[in-house]
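The values are calculated or read from the model by the stated rules, or taken from the named source; none is laboratory data. Quick caveat: nothing in here was measured; it's all calculated off a predicted structure. As a convention, Cβ positions derive from the backbone with ideal geometry for all residues, glycine included, and neighbour counts pool all protein chains shown.
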Amino acid sequence: MTEPVKRFIAGALCPRCNTMDVLKAWQADGFQHRECVSCDFTDAISLEAPEELPTRVNQTEVDPKDEIQVVKFIP
């Protein structure tokens, strides 16, 4: 199996040691990996988007025009 291409991230700060230009990043197994060459910090983030949580904003409401009914009045 071929080794993934690892690239340095220009201008990025390590979250642990706050040193600039020491992070390298690569993609493997559906994850975005990053690693600090100075303090050995590592982490991985999934490339798949998580499912959206149901909220008031992303739910569609029933259009009132679709609920029109004919009513007969009996005098």
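Residues that are among the β-branched types (Val, Ile, Thr) and under 24 Å from the mean Cα position of the chain (by Cα): find the strands (runs of 3 or more DSSP E) completely inside the chain holding 1 or more of those.
Answer list for the chain: 42-46.
Could you tell me which of the residues Thr2, Thr60, Thr55, Thr42 is among the hydroxyl-bearing types (Ser, Thr, Tyr), at pLDDT 95 or above and either in contact with a Cys (Cβ under 6 Å, 6 or more places away or on another chain) or on the phi < 0 side of the Ramachandran plot (or both)?
Answer to the check: Thr42.
Do you know which residues across region 1-32 are exposed (fewer than 10 other Cβ atoms within 10 Å of the Cβ) and either touching a Ser or Thr at 6+ places or on another chain (Cβ under 9 Å) or closer than 15 Å to Leu47 by Cα (or both)?
Result: Asp29, Gly30.
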